[in-house]
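I have placed the structure first, in the form of structure tokens, so that the comments after it can refer back to it.
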Amino acid sequence: MKLYFGLKIKKLSYRVALITAGFAAAILALEAVLVLTWGNARESFKNKTPGWDYYQQIYEPIAAPLMKKIRKDGISTYEFNRRHLSSSHSDISLKEKKDSNEVRIFIIGESVADFFPVDEEIKTIFESRFPGYKVNIINAGARAYTSAQILSVARDIMRLDPDIVLVLMGNNIYRFDYINKKMWRILRSRALLRYLYARSWVFRICIDSIYSGTADVNYGLEHFKQDYDEIAKIFKANNLPFVVFTLPRNYADYPPQGRYYIEREEQFIPFVLYSEGRYEDLLNTTDPAGDAFLLFLKGNALRGLGLYEEAREAYYQAVYIELTYAVHDINNSIRAIAERYNAILIEIDKLFEELSETGLIGKDFLFSSIHWYAPYYTVIADTVVRKINELEISGIPPIVQDKLIPELPPDELKNMLKYHKNHTPHLRSGVIVSMRLKPRQGVFYFMNHLRFNTDECISLLLHKPPGEIADWFLNSKWFEDIPDKIEPNYHKILTYAGEAARRKGERKMALDFFEESLRRNPEHWETYFFKSLAHLSGRDTEEAEKNLNRAAELSDINIPVKDILGTVSEGYHD
């Protein structure tokens, strides 16, 4: 009996092995046929869709290690291997075997991490925490990366023997619409699956047939939490100290993301009152419930009256209405990660609120809705070092508090901001956002990007041909879609620059911009609307009425001309 069953099992095992071998041979044969027909799978995957976004978002995290090992002067070293890294960070070279007195600090995350300077000032701050050690700070931050790509970076740096990792991420949740669900699953999978997907036609076809290829912007926050948790688990499993950061947002100077500039009749009067500086009238006559744009105006009015706590609450409400998630949800998830995995927590949002005279985080801290000025990285680095000093790190003795760099007083921080004298990036940023955003949304962004430009710098837009402005963006992997949009939209750029000038109090310059815009496109209703506001500011109601009527003729929104003129006239008599 035993012999009988033994033979049966042997035959069955033989058949299974034969079937498995045949199946494997068939797959290899099919793979060979596909390679002969379609070419190398890895190269095809790499070149599947031209363009930076595809390469950066999909190919690199799957198929390109963060750093590659090479032989340099007879020594095995690692050098950056991904195109996404900015040139200022890409010349780092690490020896495979870390020196006994070397401390490696990695920075990972998105653009706010990428902007973290790895300069002598920052190194000096960290060296104050590690006396007698050579401190290597490796910035592996990548602009536009989502948590899915940052997870791939976290995996890669573990073979580089890090001592501490700084994680700055959470701004790019909305960018999950660049990555479809199928690719997100691949990015989060094990190394072998990512390897096979990048290099095997057969495996890729199977995965593509199983998983959806559609994108869904609504799953961003959920997957951000999953990715962040996975990153934390990697560091925790390796007993690696890591620092997480909450993030600030500039609510005060930027309207809720995705909301048009003006899209309903009910928004015109509040906006005109706001433009005229009649904040109390705006608050008394406007019911902003459920309207993100009106809540934003309400916040601005409250700020203008010095009611900063109430202003912040209005901004928060606006963001919650407009977005499927808000920065509070993101920051709360980051705080939860810190508590769950005993990570070092740096609350940048609270730090900036404490440094702010009003408690509002605005243009004194951030040059966009999410990016802060370089000097504040010095403050953040100093805060990190003080937190690290509370830890017991193997082999590194703690140092006494008075040996640390003294805390920077707020007045010194304000002085540090004065070196931002280069206005051209702000002008360029204004052009970028006005070209990429929806119609009528660009004016707020353009105006705020121009706030640090001199009048002479703004006026350059009047005197430079569009071609020269477009040249700013040539040969740029980030803004390669901009140059072709400049010429057909230059009247909008001029209109928004005119409105920026009007808000700076330069009414004559504003009117010059509006005239030039209308010369290029006499059918653009926004130009007439903003031109009417300039005339209202100059108490020229006749010209204001004429331009308002023309704006009403051209717009698809019902502009309440008589109500606007009546409201403004009432203010003149008060």
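Readers should treat all values here as calculations from the given coordinates under stated rules, not as data from a laboratory. For clarity, every value in this text was computed on a predicted model and none was experimentally measured. Positions of Cβ are generated from backbone atoms using ideal geometry, with glycine treated the same way; all protein chains shown enter the neighbour counts.
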Item to check | Simple label model, 7 Å out from Cα along Cβ direction - R519 to L18, nm | outcome: 8.8 nm
Checklist entry - On full extension of the chain, what length is gained from E265 through R386, given 0.36 nm per residue of separation minus the C-alpha to C-alpha distance? => result 38.3 nm
Next on the checklist: What distance in nm separates the two pseudo spin-label positions at R335 and L305, each 7 Å out from Cα along the beta-carbon direction?
Outcome noted: 2.9 nm
Checklist entry - What's the long-distance tail for the range 253-376, i.e. % of Cα pairs beyond 23 Å? => result 38 percent
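Test of the criteria: in the range 468-574, which trypsin sites (Lys or Arg not before Pro) are in a DSSP loop and have at most 13 other Cβ atoms within 10 angstrom of their Cβ? List each step's numbers first, then the result.
Values: sites: K477, K485, K492, R502, R503, K504, R507, K508, R519, R520, K531, R539, K546, R550, K562; in loops: K477, K504, R539.
Listed in order of number, the matching sites are K477, R539.
I'd like the projected area of the range 265-322, averaged over all directions, using the convex hull of its alpha carbons. Report it in nm² with one decimal. Let's see the in-between values first.
Details: hull surface 13.6 nm².
Result: 3.4 nm².
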Checklist entry - If you stretched the chain out fully between C457 and A289, how much longer would it get, using 0.36 nm times the residue separation minus the C-alpha to C-alpha distance? => result 56.6 nm
Checklist entry - How far apart, in nm, are the 7 Å Cα→Cβ label points at A63 and Y320? => result 4.6 nm
Checklist entry - Between D208 and E357, what length comes free when the chain is fully extended (0.36 nm per residue of separation minus the Cα-Cα distance, one decimal in nm)? => result 48.3 nm
Item to check | Test item: Cα-centred dipole of the range 316-381, Lys/Arg +1 and Asp/Glu -1 on Cβ, debye | outcome: 180 debye
Checklist outcome for this item: The answer for trypsin sites (Lys or Arg not before Pro) in the range 218-301 that fall in a DSSP coil and have at most 16 neighbouring Cβ atoms within 10 Å is R264
